[in-house]
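Asks: Take this structure first; my questions come after.
The values are calculated or read from the model by the stated rules, or taken from the named source; none is laboratory data. Quick caveat: nothing in here was measured; it's all calculated off a predicted structure. Virtual Cβ from ideal backbone geometry, glycine too; neighbours counted across all protein chains shown.
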Amino acid sequence: MPPETERPGLFRARSMCLVSLAVATLAAWLMACGGGESPRGGKTGATPPPAEGRPSLAVLIVVDQLRADYLTRFKSRLEGGMLRLEREGLSFADALHEHANTQTSPGHASLSTGMPPSRHGIIGNRWYDRASAQMVGCVQDAAYPTLSGRGGVSPSQLLAPTLGEWIKKASPQSRVIAVSGKETASTLLAGRGADAVFWYDRIAGRFTTSRFYAQEMPAALETFAKARPVSALACKAWDRLDGAGDLPEADPDIEPWEPAAFGGFPHRMPCPDSSAPAASPGSIAQGLESEIRITPFLDDMTLDLAEAAIDQYELGKDGAPDLLAISLSATDFIGHRYGPDSQEMLDQIRRLDKRLGLFLERLDRRVGLDRTIVVLTGDHGVTSCPERNPAHHAGRVHAADLERRLQDAMAARLGPGQWVAAIEGPQVYLTDTSGRSAPAAYDALVKEPSVAAVYRREELVGGASVTADSYLPLMRASWTPQRGGDLMIRLKEGWILSDNETGSEHGMPYPADMHVPLILRGPGIKAGSRPEPVLVYRAAPSIASLLGMSWPGNLPAGPLPIAP
Ligand SMILES: [Zn+2]
């Protein structure tokens, strides 16, 4: 049903190289209907069976750091779920996230809310909080401790309702479940009021949730932790699928821009009584519990848990449509360590494709693919390791070094004192909020060899642009007055902000970071491929529409062109 407030044709043309934004991906959510909390978490009450021809479940699969070219460059190596979705679904060949800070949390929140970060408030994975004068994580919330005992997590900083919230509001008996390798991803995909929101805790080595969603560890997580202990992965090796050697679709296994400490295949997991493989300085990996995230093992576990949740919460079983949102994090961890052109990335995509094929088969048996909407997309892409192609004349910038150079330049011009509060992604925060020190910061930043442009607060606020820069709308989409920087920087294309000497990054408004696959499959969707540029955020209203539900009238764009 169309939303009563929807205003069609609301797209505003943007003066950019990217003309439109159209689609939005969605998070997969399944909602189950369920009036009561039965011990199994199943649904009770007199909910009617699903209506003929209407989907009873939507599954939003977000592959973290799924760059648009993976499904084409690696296509001849795919034979599982990704290939099946492409053959049986509707693919948008030019789908993109239209915001500058192409990080995980803004991407997921945009997918779930249908809005840009400037509207849902999640402008980055973290930002500088002026009130407390410290960095805050986007789902960090001490009021809601995690049930595995580390920190607190809630969606309280998310300023817009999610697809799951739209569904719950229209259909309280629907179930909304989110599962991910990262707390940010599942929390931002689900939002408020979800039935279960699970993520992998890399310290505890198990899936968990927070008191925002449950007062005690859900039975599904207790059962899963016993059935699939991470300790069973100790000493196990990640080797290539089918014993393949180096495949031509990716670079040779060992390259200088990959971390030497981790070498090539096979990658063996730490053993209880040894320190191998030792984590390199600055590495994101430490023990077994952390290291498994940088292998296909994490996505296997996440999908195993998602399948268990389908049973536990009886998703797709009645007339109240459910949402299951799954964010698969391993591709992101692997891409950061080894880069998007590595044999590791190729093997990860092959294994994920294979596992997703199994997931679709099981989904068909459990719910029926003829009654399920499946959406596959990414939260952002990734930039190739800058050293890989010297002709690009690109490099890596260490945020701490940039911060120090900026501080020194400002002190030289303005006098002693701490002038820089923080640099986080493209956001530059100054200690002086009067604006008087901003020109000194601007002058120093534009001289940086890596910097293409610097944006002033007065431009970001939305007034007349003095630069007439075609990227300004993307910068504004990643900024709010409360959480955004005093200045924003845009690096030259191909450069990355990185704290490591190897591996790669994302977070800039260029095609490699912005473009992601977007495929929808299920009843009401005409299979095929569409070439026009579309905004990935349109996945959320598309899912709502396919489930027969309305969506907020204030979204920048409505559903994708998906009807037969
Ligand atoms: Zn991500």
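Asks: Does GLY114 qualify as being away from the ligand (no atom under 16 Å from the Cβ) and at positive phi?
Replies: Yes: the conditions hold for GLY114.
Asks: Between GLU424, GLU448, which is surrounded by 16 or more Cβ atoms within 10 Å (Cβ to Cβ) and within 16 Å of the ligand (Cβ to nearest atom)?
Replies: On inspection, the qualifying residue turns out to be GLU424.
Asks: Any residue at all in the range 481-492 that is modelled with pLDDT of 95 or more, farther than 20 Å from GLN134 by Cβ, surrounded by fewer than 24 Cβ atoms within 10 Å (Cβ to Cβ) and touching a helix residue (DSSP H, G or I) at 6+ places or on another chain (Cβ under 9 Å)?
Replies: Yes - at least one qualifying residue is present in the range 481-492.
Asks: Could you list all residues from the range 52-77 that are closer than 20 Å to THR372 by Cβ and assigned to a loop (DSSP other than H, G, I, E, B)?
Replies: Selection gives GLU52, GLY53, ARG54, PRO55, SER56.
Asks: What about SER112, is it in the same structural domain as PRO296 (by TED's automatic domain parsing), of a type in the set (Gly, Ala, Ser), within 19 Å of GLY558 (Cβ to Cβ) and buried (at least 24 other Cβ atoms within 10 Å of the Cβ)?
Replies: yes
Asks: Using beta carbons and a limit of 7 Å, which pairs, at least six apart or on different chains, have the first residue in the range 330-342 and of a type in the set (Lys, Arg) and the second one within 15 Å of the ligand (Cβ to nearest atom)?
Replies: Short answer, once both residue conditions are applied: ARG337/ILE294; ARG337/GLY503.
Asks: Next up: So PRO533 clears everything in (1) part of a strand (DSSP E or B); (2) within 21 Å of the chain's Cα centre (by Cα); (3) buried (at least 22 other Cβ atoms within 10 Å of the Cβ) except one condition, right? Which one?
Replies: With (1) part of a strand (DSSP E or B); (2) within 21 Å of the chain's Cα centre (by Cα); (3) buried (at least 22 other Cβ atoms within 10 Å of the Cβ) applied to PRO533, the lone miss is (3).
Asks: Looking at the range 318-328, can you tell me whether even one residue there is modelled with pLDDT under 95 and either more than 16 Å from the ligand (Cβ to nearest atom) or more than 20 Å from ASP499 (Cβ to Cβ) (or both)?
Replies: yes
Asks: Which of the following residues is within 25 Å of the chain's Cα centre (by Cα) and not assigned by TED's automatic domain parsing to the domain that holds LEU406: LEU497, LEU472, LEU487, LEU460?
Replies: Just one listed residue meets the conditions, LEU497.
Asks: Continuing with the same structure: Would you check which residues across the range 99-137 are within 15 Å of the chain's Cα centre (by Cα) and of a type in the set (D, E, K, R) and list them?
Replies: ARG126, the sole residue that qualifies.
Asks: Report the residue count in the range 62-95 for those that are crowded, with 24+ Cβ neighbours inside 10 Å and either of a type in the set (Asp, Glu) or within 15 Å of the ligand (Cβ to nearest atom) (or both).
Replies: 7
Asks: Please specify each residue of the range 169-200 satisfying the condition of being crowded, with 21+ Cβ neighbours inside 10 Å and away from the ligand (no atom under 16 Å from the Cβ).
Replies: Matches in the range 169-200: GLN173, SER174, ARG175, VAL176, ILE177, ALA190, GLY191, ALA194, ASP195, ALA196, VAL197, PHE198.
Asks: Related question: Select from the range 476-510 the residues that are assigned to a loop (DSSP other than H, G, I, E, B), over 27 Å from TRP419 (Cβ atoms) and out of contact with any Phe, Trp or Tyr (no Cβ under 7 Å at 6 or more places or on another chain) and list them in ascending order.
Replies: Listed by number, the residues that qualify are GLY494, GLU501, SER504, HIS506, TYR510.
Asks: Right, something else. State whether one or more residues within the range 362-371 are outside any helix (DSSP H, G or I) and on the phi > 0 side of the Ramachandran plot.
Replies: There is at least one residue in the range 362-371 that is outside any helix (DSSP H, G or I) and on the phi > 0 side of the Ramachandran plot.
Asks: In addition: Inside the range 225-268, can you point out the residues that are under 23 Å from LYS75 (Cα atoms) and either hydrophobic (A, V, I, L, M, F, W, C) or part of a helix (DSSP H, G or I) (or both)?
Replies: Passing the criteria: TRP238, LEU241, ASP242, GLY243, ALA244, LEU247, ALA250, ILE254, PHE265.
Asks: Same structure again: Does ILE519 satisfy being surrounded by 19 or more Cβ atoms within 10 Å (Cβ to Cβ), touching a Gly at 6+ places or on another chain (Cβ under 7 Å) and either of a type in the set (Ser, Thr, Tyr) or not in a loop (DSSP other than H, G, I, E, B) (or both)?
Replies: So ILE519 fits the description; yes.
Asks: I would also like to ask the following. What number of residues within the range 120-161 satisfy the criterion of being surrounded by fewer than 18 Cβ atoms within 10 Å (Cβ to Cβ) and of a type in the set (D, E, K, R)?
Replies: Total meeting the criteria: 3.
Asks: Regarding the range 403-420, can at least one residue be identified that is part of a helix (DSSP H, G or I) and under 25 Å from GLU291 (Cα atoms)?
Replies: no
Asks: So, in the range 498-511, exactly how many residues are surrounded by fewer than 24 Cβ atoms within 10 Å (Cβ to Cβ) and within 30 Å of LEU546 (Cβ to Cβ)?
Replies: 1
Asks: Let me ask another. What's the number of the only condition in (1) in contact with a Leu (Cβ under 9 Å, 6 or more places away or on another chain); (2) buried (at least 22 other Cβ atoms within 10 Å of the Cβ) that TRP495 fails to meet?
Replies: Going through the list (1) in contact with a Leu (Cβ under 9 Å, 6 or more places away or on another chain); (2) buried (at least 22 other Cβ atoms within 10 Å of the Cβ), TRP495 breaks only (1).
Asks: Pick out the one residue from ALA391, ALA399, ALA411 that is modelled with pLDDT of 95 or more and over 18 Å from MET514 (Cβ atoms).
Replies: When all the criteria are applied, what remains is ALA411.
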